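Single-structure report; data block below.
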Amino acid sequence: MPTGGARRIWRGLVRDYGPYLPLSPYLFVVLFPFYWMVITAFKRDNDLYNLTTAPFWFKEPPTLAHLDLLLQHTLFLTWLKNSIFIGVCVVAITLLLGLPAAYALARMRFPGSQSLSIGMFLSYLIPPALLFLPLSQLVRGLGFTDSIWALVAVYPSFTVPFCTWLLMGFVRTVPREIEESAQIDGCTRFQAFRMIILPVIVPGIITAGIFAFTLTYQEYIYALTFISASANKTIAYGVTTDLIRGDVFYWGSLMSGALIGAIPVAIVYAFSLDHFIHGLTAGALK
Amino acid sequence: MARLTRRQFLGAAAGTAAAGAFPHVWIRPSWAQGKEIRILAWSHFVPAYDKWLDQWTDEWSSKSGIKAVIDHVPHLQIPAKIAAEVATQSGHDIVQLVGSGAEKWSEALVQIQDLADKVGKKYGGWTPLAENYSQAKDGKFHTLPDFFIDFPGLYRKDLWTEIGMANGPDSWEELHQGGMKLKAKGFPVGIGLAHHDDSRASWRAIMWSHGASEVGKDGKTITYNSKEMRDALKFMRALYKDAMTPEVLAWDDASNNRLLASGRGSWIHNPISAYRSIEGQNKDLASKIFVSLSPKGPAVRRSFANCRAYGITKFSKNQDAAKAYLEALTDNYREGAKASTGYNMPMLKAFAQPPLPIISEDPKLKPLEQDADYHFTIGYPGPFSPAADEVYQQFIMVDALAQYCTDKLDLEAAVKWAEEKIKAVYAKFA
């Protein structure tokens, strides 16, 4: 039988740490790939392929060789800059097009508005593998072949429908009466949109921006199709081009690339987390 | 010091990111530049080869006055890239065909028989493999063969010595006998039985070595349903059960490399890339790995060649420059083969004569001098036709084999299953 003191300690442990127990399987599933990524990025190849030891830690001293290969012998930093630049441009275009469209579809009644909003969402469901051929024609027509502008032009084709759909939910959460009051006080519809709707749906805008950025950041097929020159590649495309060579995978450098590539996304999420969660739940509740 | 708010930080970060990335916007795209040729090539297994090719191309550019630029992409993504370029009639002047696809894209490529004749004459003629691979259905070259990737045997000499076969297996039957013993010691044989290049290559080597094939020499008569095919299937099933592990059913192209690199594999059927990468990682293990000819079967010794060839796109505005580039590249084949550390195998008869760069100098690789004599490609013994290519692409024969090996189909059902599918594909192209 446990003594009174031991029972108290046990109760304290259960009280303090018990709530974390249900979380632990989730945390394991979510964090294990990152853990694997980190140790592989610094593991020697010899150690990585050694099946005689436990694979979850280092048997040989860690190495920076994979990082060196990635940073010194590939154009990784250029790809990173390209990805960020394209992501920022696409977010801007997406919000510029998506916000007015979401407002119109959520607020205005006009023939076909219902089917238009459903059609917009359905267009997001068309797989890129079907669209890349017609979009190739478009890119060529615009004169953007083998330029990062090709991706800036093409990526909104999937971010705008999705984000418009997302933003429609946020616009609908804003009571119509507030907007009408503003109009009674002399605002035009555009002023009401700018001064009333936009500030209220900031969490939604941030959520849509984050989605647009991450969707763009991880895209592969369009980048592969429209970009050839190494200096114009994005991270997802460039890393696989240079670090997967037929049946030879440079695992350490691939993982280093994935790790560094994840940092900008992690920063965006970390600093917008409150808005992001608020945005998601607000949209969901509506 | 004033505290930085989150909003200020995000604003500053976004501004810095945009400013940092801005100069890249002004990289001049290809369409804005002057006369030049662009080449679409795969990311070679050996990075040093790409380095050599890029450097050689720069030198050629300065000599010829024609700017040539190479874009490297992974070989599995080349078909999608070519499809997009053919659809828009714009893109690279020269595209590299990797394995399958040469026949499929022949309509979109310039017929270059004149160039093939000129180069062939200079270097003793093309090997039958090269002719089979690059000649389209009009009997003319639409691509210029560059090199082929061979499939020899890579074995652990120390392990095979322990069982009294110091030179590794010379025949598939020896592989079976030795593999059984080595699997029992914890060192299985590794041949993929899944949807990836190596599986369909190795299975074709085994099939042909048993005298079996999917189609006859005419490229029309389906010959899959034969005694030889049954023998080959029975052999492979026995090899799978006795000398391999079920993990091969889920393999990709890198898996057999990993098996060998882990020190757990006793023999794999793979190009020397597996050996080369181990050399860079684990010198001790690499010293135990030796290279042998692809095993011979009861009928003959045959292995699979994964070919690489260049085609000039019909939409190219600089076709003469592209031809000049390809001719000069072929003239420098030996330098390239050297840079590939013996990976590139010749498709011109003069280059196939020993001494071969690197290969003839390295006692371990010396057996590969003979590879040009017994390697064949998709559709063998018939021509490399679109139908043969589709059978290859659909993994029909690998799927039949895997179902038989895992007892999902019995022998007769597996033969019937594959034969029907092969016939349907060939009927589509008849």
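Taking amide H as placed 1.01 Å from N in the peptide plane, B:Ile70 has its amide H under 5 Å from the amide H of B:Ile39, each at least 5 places away in sequence or on another chain. Each part gets one Cα centre, and for the stretch A:214-273 versus the stretch B:384-417 those centres are 36 Å apart.
Calculated translational diffusion coefficient of chain B (10 °C, 1.306 mPa s; Stokes-Einstein with Kirkwood radius over alpha-carbon pairs) equals 69 µm²/s.
Using alpha-carbon positions, what is the distance between the centroids of the stretch B:125-164 and the stretch A:109-136, in Å? Between the Cα centre of the stretch B:125-164 and that of the stretch A:109-136, the gap is 47 Å. Fewest-first ordering of A:Arg109, B:Arg200, A:Arg245 by other beta carbons within 10 Å of each residue's beta carbon gives A:Arg109, A:Arg245, B:Arg200.
For the cross-link pairs B:Lys81/B:Lys428; B:Lys140/B:Lys234; B:Lys137/B:Lys349; B:Lys364/B:Lys408, the ones whose C-alpha atoms lie over 30 Å apart are B:Lys140/B:Lys234; B:Lys364/B:Lys408. When the charge dipole of the stretch A:67-285 is built from unit charges on Cβ atoms (+1 for Lys and Arg, -1 for Asp and Glu) and taken about the Cα centre, the candidate among A:Ala192, A:Gly246, A:Leu135 whose Cα reaches farthest toward its positive end is A:Ala192. Under 5 Å from the amide H of B:Leu144 lie the amide H atoms of B:Tyr310, B:Gly311, each residue being 5 or more positions distant or on a separate chain, with H modelled from the backbone and absent for Pro and chain starts.
Every Cα-Cα pair of the protein assembly as shown was included, and the share exceeding 42 Å stands at 39 percent. For the segment A:139-152, counting C-beta atoms of other chains within 10 Å of every residue's C-beta and taking the mean gives 4.
For chain A, the relative contact order is 29 percent, taking Cα pairs closer than 8 Å that sit 6 or more residues apart in sequence and dividing their mean separation by the residue count.
Here the stretch A:67-285 is assigned +1 on the Cβ of each Lys and Arg and -1 on the Cβ of each Asp and Glu. Its dipole about the Cα centre then comes out at about 400 debye. What percentage of all Cα-Cα pairs in the stretch A:67-285 are separated by more than 33 Å? The calculated P(r) of the stretch A:67-285 puts 26 percent of pairs beyond 33 Å. Shown in residue order for the stretch B:419-426 are the 3J(HN,Hα) couplings computed by the Karplus curve 6.51 cos²θ - 1.76 cosθ + 1.60 at θ = phi - 60°: 4, 4, 5, 5, 4, 4, 5, 5 Hz (x for Gly and Pro). Rg ratio for the stretch B:95-180: its Cα radius of gyration over 2.2 N^0.38 Å, N being its residue count, equals 1.65. Computed from backbone phi with θ = phi - 60° and the Karplus coefficients 6.51, -1.76 and 1.60, the 3J(HN,Hα) list for the stretch B:141-158 is 6, 10, 9, 9, x, 10, 7, 10, 9, 8, 10, x, x, 10, 10, 8, 4, 4 Hz; x is used for glycine and proline. Between amide H atoms placed 1.01 Å from N, distances below 5 Å from B:Ser303 occur with B:His375, B:Phe376, all of them 5 or more places distant or on a separate chain.
Which chymotrypsin sites (Phe, Trp or Tyr not before Pro) in the stretch A:36-99 pass both tests, a DSSP loop state and at most 16 other beta-carbon atoms within 10 Å? Filter output for the stretch A:36-99: A:Phe56, A:Trp57, A:Phe58. Under the simplified labelling scheme, the A:Gln183-B:Thr406 pair shows an inter-label distance of 6.2 nm, with each label point 7 Å from Cα along Cα→Cβ.
Each value in this text was obtained by applying a stated rule to the coordinates, not by laboratory testing. Just so it is clear, the model here is predicted, and its values are computed rather than measured. Reconstructed Cβ throughout: ideal geometry from the backbone, glycine too, with neighbour counts over all protein chains shown.
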